[in-house]
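Undergrad: Supplied in structure tokens, the structure appears directly below.
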Amino acid sequence: MSRVNYIVWGVLLAFGAFVIRESLNHKYYGSDFGPGPGFFSFWLGMLLMVLSLVQIVMIYRRPAEPLPDGFIPSREGIKRMLSIMGALTASLFLMEYLGFSLTMMGFCIFLLRRLGRQPWWLTLVLAVAASFGATYLFGLLQVMLPKGFLGFI
Amino acid sequence: MEAFQHLMTGFAAALSPMNLMFATIGCVLGTLIGVLPGLGPAAGTALLIPITFKLEPTSAIIMLAAIYYGAMYGGTITSVLINVPGEAASVVTCLDGYEMAKQGRAGAALGIAAIGSFFGGTVATFGLVLVALPLTRFALKFGPTEYFSLLLVGLTLVMGLAGKSLAKALVMGILGLIFSFVGVDPVEGAPRFTFGVAPLMDGIRFVPVVMGFFGIGEILINAERSLTGVMAGEGKVSSFFPRRDEWRISITSILRGTGLGFFLGLIPGTNSAVASFMSYSIERKVSSHPDKFGTGVIEGVAAPETANNANAALIPLFTLGIPGSPTIAILMGALIMNGLTPGPLLFSQHAAFVWAVIASLYIGNIILLILNLPLVGWWAKLLKIPYNILMVFILVFCIIGAYSLNNSLFDVGMMIFCGLLGYLFKKLDFPLAPAILTLILGPLMEQSLRESLSVSQGDFTIFFTRPISLFFLILAGVIMVTSAWQAWPAAIREESKGAEV
């Protein structure tokens, strides 16, 4: 666990340094006597760095701890997570071109088959309900969802 | 007395068949919208505004207020059943509500939440009647200095939500603040942390972050383990009433939650999220078993759910024109769309409207109790839907919710990114609630600090020379010291335990 903690607090330390660096691009004091755009972020970055450093020192002084049970996901677990993240990311990029309904149809079919292992008929019924059904329902509520190249779904 | 006469006139208007029907429709729609995971009260209320376009202003706002109340309760349902809070106010309900659901006690959690919400909401509505007029007069005395100090109290509460590690809670609070500063600086107009990305100029919106942290993050955590058996409430939901031994605890928690929520409701700037977080912290502090919080104790649901309804977030909106939460901000937008400007003048210029809406809040509470208590079992049937199917629907609604706020795919991307962050934070035992709280309070705090210092020409002593501000600063200091004091021995114990291992 110590190595994981070193990495986590190390990343936070680096992020704190990054925030400080960014804040230095802005004025510390504003033109109207008050703090400028860089004031808050500078001190937040400092606080983050100090906290991270203190934690790193504490981890160094503390004896090594084993990883909690189940901390590292199983291979199947990783595959499931990657499937979800992959489907979400793909749908984000495809939605503008394919439109909401078609993208969500593919999204649902993929996840229901890959993770749900549902029969084809149920997969199709649920996918149509979640994609075209949602488009229709939210259309009634005047929520405009991306239409894509076909221009109507 | 004057207020009660106005209220009676308000009841006469609110109890007209048409307004009663709109209130009922609003409660049903709000609960449905709130139940849809990832949609939440803010997005739900915003989505339903077009429905009210053709109504006259009083009916429109009565319906929207009912939607808000319904969605708040709907958000509680999703917090308990699937660990997805509708809004920041329901975040804390997840901690014990979801754990209760996992033990097959979702019904009891939802039942006590409905009872607490009804009691708190009713007291708050009567409170609004009592304090509205004096508070409107007092409103002119509050300046940015007092607001800043008040918000500082809110931020120090982050320490009370420390969980296992104070350092981790502080880091999450800081990260929430940093997130909140992304966008165009409100005073100088300079873009901060935008890296040339145009959509970041508008800042990071609260809803995609919440949906990502709590919706996508939770789904990823569940997917990592297994997709069967992770859904809350594998056991049967047999009763929506607490056990006999839990009633006494629940009643005292509800009373404390009502008192606290109502008190905080009087203070402008503190939204229902602050009330629920603070209420949870207090319950843990006064409890004889604080270590059991987070494992499914009923007071962990009863108190915050009561407090966030007793908070009467509409008090600051109606009396001072200050929206206390994203949903209230949407209601404020709806009021302005209907030609009504919230603030002290509302009571004098549109008295009939205001009092009808206030009366409808009380009626809405009764409708919600009638609607929800018997239907708790029905809502709990959502548990029977296999998680691997429900999960896909949650993801679709999260995408719709994030997109529909601003018709922006960037917000969907932000939600996915926050989902990944949420997963990592949960995995590493970093509490998410402090980040959400500071994300909400950050911009308000920065703005009031900078306005105060503009007034004082850069002199920081302004915060100590104004009595109300000084009171809030002392309160913030006391909370900070108490929280640090409580966390310190725990850290030492943790260290010695580590040494033994």
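Undergrad: Filter chain A for me: DSSP H helices, axial length by Cα at least 20 angstrom, mean Kyte-Doolittle hydropathy not below -0.5. List them by residue number. Show your work: numbers first, answer last.
TA: On the way: long enough: A:2-23 (31 Å, 1.00); A:39-61 (34 Å, 1.85); A:75-98 (33 Å, 0.66).
Those that pass (Cα extent of 20 Å or more, hydropathy at least -0.5) are A:2-23, A:39-61, A:75-98.
Undergrad: While we're on this one: What's the local net charge at B:P186, with K and R +1, D and E -1, over the other residues with C-beta under 11 Å away? Can you show the working numbers first?
TA: Numbers: positive: B:R192, B:R450; negative: B:D185, B:E188, B:E446, B:E451.
Here the count lands on -2.
Undergrad: Shape verdict for region A:1-119, please, from the Cα gyration tensor: rounded (a/c under 1.5), prolate (a/b greater than b/c) or oblate. Intermediate results must be reported in sequence, preceding the final value.
TA: Numbers: a/c = 5.24, a/b = 1.41, b/c = 3.71.
Taking the square roots of the gyration eigenvalues as a ≥ b ≥ c, region A:1-119 is oblate.
Undergrad: If each of B:T295 and B:F241 carries a label point 7 Å out from its Cα toward its Cβ, how far apart are those two points in nm?
TA: For B:T295 paired with B:F241, the spin-label model returns 2.7 nm.
Undergrad: Also: Net charge near B:S404, counting Lys/Arg +1 and Asp/Glu -1 over other residues with Cβ under 15 Å of its Cβ?
TA: Values: positive: A:K147, B:R205; negative: B:D411.
Every neighbour counted, the sum reads +1.
Undergrad: Still on this structure, I have one more. Past 27 Å, Cα to Cα: identify those pairs from A:K79/B:K102; B:K292/B:K426; A:K79/A:K147; B:K168/B:K292; A:K147/B:K426; A:K27/B:K427, in the order given. Numbers along the way, then the final one.
TA: Numbers: A:K79/B:K102 25 Å; B:K292/B:K426 19 Å; A:K79/A:K147 31 Å; B:K168/B:K292 20 Å; A:K147/B:K426 35 Å; A:K27/B:K427 37 Å.
Violating the 27 Å limit, Cα to Cα: A:K79/A:K147; A:K147/B:K426; A:K27/B:K427.
Undergrad: At a Förster radius of 22 Å, what calculated FRET efficiency corresponds to the Cβ-Cβ distance of B:I251 and B:L130, to the nearest 0.05? Walk me through the numbers before you get to the answer.
TA: Working: r = 23 Å, r/R0 = 1.05.
Working from the Cβ atoms, E equals 0.45.
Undergrad: For the residue pair B:Q103 and A:A64, what label-to-label distance in nm results when each label sits 7 Å from Cα along the Cα-to-beta-carbon direction?
TA: Modelled inter-label distance: 3.8 nm.
Undergrad: Got a sec? How would B:C94, B:C398 order by Cβ neighbour count within 10 Å, fewest to most? List each step's numbers first, then the result.
TA: Working: B:C94 26, B:C398 29.
The order, fewest Cβ neighbours first, is B:C94, B:C398.
Undergrad: If you stretched the chain out fully between B:L373 and B:N407, how much longer would it get, using 0.36 nm times the residue separation minus the C-alpha to C-alpha distance? Could the numbers behind the result be given before it?
TA: Values: separation 34, 0.36 × 34 = 12.24 nm, distance 3.58 nm.
The span from B:L373 to B:N407 would gain 8.7 nm if fully extended.
Undergrad: Same structure, new question: When Lys and Arg each count +1 and Asp and Glu each count -1, what net charge do the other residues less than 11 Å away from A:L111, Cβ to Cβ, add up to? Walk me through the numbers before you get to the answer.
TA: Values: positive: A:R80, A:R113, A:R114, A:R117; negative: none.
Here the count lands on +4.
Undergrad: Can you give the helix-only mean residue ellipticity at 222 nm for chain A, where every DSSP H stretch with n ≥ 4 adds -39500 (n - 2.57) and the sum goes over all residues, rounded to the nearest 500 deg cm²/dmol? It would help to have the intermediate numbers written out before the result.
TA: Values: 6 runs with 97 residues, N = 153.
Value at 222 nm, helices only: -21000 deg cm²/dmol.
Undergrad: So, R0 is 60 Å and r is the distance between the beta-carbons of A:Y97 and B:Q349; what FRET efficiency does that work out to, to 0.05?
TA: Values: r = 51 Å, r/R0 = 0.84.
Using R0 = 60 Å, I get an efficiency of 0.75.
Undergrad: Sorting B:I178, B:I216, B:I25 on the 10 Å Cβ count, fewest up front, what's the list?
TA: On the way: B:I178 26, B:I216 30, B:I25 17.
Ordered from fewest to most neighbouring Cβ atoms within 10 Å, B:I178, B:I216, B:I25 come out as B:I25, B:I178, B:I216.
Undergrad: If we sort A:5-17, B:248-260 on the protection proxy, mean other Cβ atoms within 10 Å, highest first, what's the order?
TA: Details: A:5-17: 16.9, B:248-260: 21.1.
Top of the packing list down: B:248-260, A:5-17.
Undergrad: Karplus couplings for region B:298-304 from phi (6.51 cos²θ - 1.76 cosθ + 1.60, θ = phi - 60°), rounded to Hz, Gly and Pro as x?
TA: So the Karplus estimates, Gly and Pro as x, are 5, 5, x, 9, 4, 5, x Hz.
Undergrad: For a quick check: sort A:T89, B:T31 by the number of other beta carbons within 10 angstrom, fewest at the front. Walk me through the intermediate numbers first.
TA: Values: A:T89 14, B:T31 26.
Starting with the residue having the fewest Cβ neighbours, the order is A:T89, B:T31.
Undergrad: Stokes-Einstein D for region A:75-140 at 4 °C, 1.567 mPa s, Kirkwood Rh over Cα pairs, in µm²/s? Before the final figure, lay out the partial values.
TA: Numbers: Rh = 12.3 Å.
So the translational diffusion coefficient is about 106 µm²/s.
We did not get these values from a lab; they are worked out from the coordinates using the rules stated. Predicted model only: the values in this text are computed from it and were never measured. Don't worry about glycine lacking a Cβ; one is built from the backbone with ideal geometry, like all the others, and counts go over all protein chains shown.
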